[in-house]
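Here the structure comes first, spelled out in structure tokens, and everything after it is commentary.
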Amino acid sequence: MATEGPATCRVQVAEHPRLLKLKEMFKSKFGSIPRFYVRAPGRVNIIGEHIDYCGYSVLPMAVEQDMLIAVEPVKTHILQLANTNPLYPDFSTSANNIQIDKTNPLWHNYFLCGLKGIQEHFGLNNLTGMNCLVDGTIPPSSGLSSSSALVCCAGLVTLTVLGMNLSKVELAEICAKSERYIGTEGGGMDQSIAFLAEEGTAKLIEFSPLKATDVKLPSEAVFVIANSCVEMKKAATSHFNIRVMECRLAAKLLAKHKHLQWDKVLRLEEVQANLGVSLEEMLLITEDALHPEPYSPEEVCRCLEISLQELRTQILSPNTQDVLVFKLYQRAKHVYSEAARVLQFKKICEEAPDNMVQLLGELMTQSHVSCRDMYECSCPELDQLVDICRKFGAQGSRLTGAGWGGCTVSIVPADKLPGFLANVREAYYQKSNRSLAPEKQSLFATKPGGGALVFLEA
């Protein structure tokens, strides 16, 4: 499955209202008809937060909300991008001179990341131009991966225009790498699920090498996504990249404590692999090797026996060089405990005990507590929303995505769903005047959707 490329389907556009509307808008915008359409889904991470970039497995599923792009290759070398949402202005540039501005992560830069990733993978200088109209149904900055879906969509658009082939795994790896052009040091979960998702199943995604395994979710429960309505722009804030660096520093200090070649170590998972011990043992080693008080850059240097200059230029990323405190103990504790929760979650899904929904819910709630207290990536609104969801019948609830805003995901017994939705809507959205436009899709039940596709008009 993963060795094949994304599927191409022939469709009667007239029978698909969204495609038809996109085709009409494309025609009025560019005066021509799209040659093909590409979609890539958003995702909800059920459990396994902030651990993909540490080398650990995660457990997401694709949602039905997606990015859809209508495409027409053109003879010129001009790339013209437009969006059905008037909030996102048109953009055009030469396809052979792609400049991505890290200081200002505007919507079109995510498209450029995907295009540039494919361009560089094949070592191409001369790219054909194209007209593209983008239509997204994933609420932006909600932690449901709208930006990565756009990167993946653009990568698949570029691949299709070139007439080249790549497997889903190769596409996921290229798009994960290329999103770093915008300054986000992510780990690859979002791009992997965008390409490797299959309808009806969540996926355990493992890294190095990239691999996806089906995880059958309990049929007697539904997963409900609730948007806190606090927007978190991952590429525009330093929180995310600081956490990546804190994990990197924690890995190096743990490796040095255990007399490993610490300068070669980048991820917390590598320390565990090199020591050949369990996650539980890694938690004990963390207690032993790191202290809960924050580390200053100077203390990190003393521990590693390096200069401040070496720390800044050889270890820290450009946008984290001025950070004054690093909470290494807390971040490592979160990562190792969260990695263990992912494996427990998968095991419970496989064994399917009678109290399965309760057990999965407990793991999700523990995950939120760790994200809130040890990783400090929650916010008051997310904490309030988690509490409300649990009060009205969720067996477990947690923030999903990077955090600092965005969405929660809750596991709810199917028979409690209607009451749950009504109560949460009233308690969180109506009581606090968060009455938002329907397109925010503040609260909805979801089931595992399929991955990226190319549509051709039949």
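Listed values, structure above:
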read-out	value
Listing of helices (runs of 4 or more DSSP H) fully contained in segment 259-363 that carry 1 or more residues being charged (D, E, K, R) and exposed (fewer than 13 other Cβ atoms within 10 Å of the Cβ)	279-289, 297-304, 328-351
From the options 203, 168, residue that is among the basic types (Lys, Arg), within 19 Å of residue 68 (Cα to Cα) and in contact with a Pro (Cβ under 8 Å, 6 or more places away or on another chain)	168
Flag for residue 133 being touching a Pro at 6+ places or on another chain (Cβ under 9 Å), crowded, with 24+ Cβ neighbours inside 10 Å and in a helix (DSSP H, G or I)	no
Filter result for residue 214 (part of a strand (DSSP E or B), surrounded by fewer than 16 Cβ atoms within 10 Å (Cβ to Cβ) and at negative phi)	yes
Filter result (out of contact with any His (no Cβ under 9 Å at 6 or more places or on another chain) and either open to solvent by 60 Å² or more (accessible area, probe 1.4 Å) or assigned to a helix (DSSP H, G or I) (or both)) within segment 368-381	368, 369, 372, 380, 381
Positions within segment 1-59 being polar (S, T, N, Q) and either touching a residue at least 12 places away in the same chain (Cβ under 8 Å) or crowded, with 24+ Cβ neighbours inside 10 Å (or both), in sequence order	3, 8, 12, 32, 45, 57
Failed criterion for residue 56 (all others in (1) in a strand (DSSP E or B); (2) more than 11 Å from residue 133 (Cα to Cα); (3) of a type outside the set (A, V, I, L, M, F, W, C) hold)	(1)
Selection status of residue 225, of a type in the set (Val, Ile, Thr), at pLDDT 95 or above, touching a helix residue (DSSP H, G or I) at 6+ places or on another chain (Cβ under 9 Å) and not in a loop (DSSP other than H, G, I, E, B)	no
Single unsatisfied condition, residue 191 versus (1) open to solvent by 60 Å² or more (accessible area, probe 1.4 Å); (2) touching a residue at least 40 places away in the same chain (Cβ under 8 Å)	(1)
Segment 394-431, residues that are in contact (Cβ under 8 Å) with a residue 24 or more places away in the chain and in a loop (DSSP other than H, G, I, E, B)	394, 395, 401, 402, 403, 404, 405, 406
Selected residue (criterion: farthest from residue 228 (Cα to Cα)) from residues of segment 136-179 that are outside any helix (DSSP H, G or I), touching a Ser or Thr at 6+ places or on another chain (Cβ under 8 Å) and modelled with pLDDT of 95 or more	167
Segment 154-167: number of residues that are surrounded by 24 or more Cβ atoms within 10 Å (Cβ to Cβ) and in contact with a Gly (Cβ under 7 Å, 6 or more places away or on another chain)	3
Qualifying positions in segment 385-406 - at negative phi, open to solvent by less than 10 Å² (accessible area, probe 1.4 Å) and either at pLDDT below 95 or of a type in the set (Lys, Arg) (or both)	398
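The values are calculated or read from the model by the stated rules, or taken from the named source; none is laboratory data. Since the structure is predicted, the reported quantities are computational estimates derived from the model, not experimental observations. Heads up, the Cβs are rebuilt from the backbone with ideal geometry, glycines too, and the neighbour counts pull from every protein chain shown. For accessibility, only protein heavy atoms count, side chains too; no ligands or nucleic acids. Shrake-Rupley method; radii C 1.70, N 1.55, O 1.52, S 1.80 Å.
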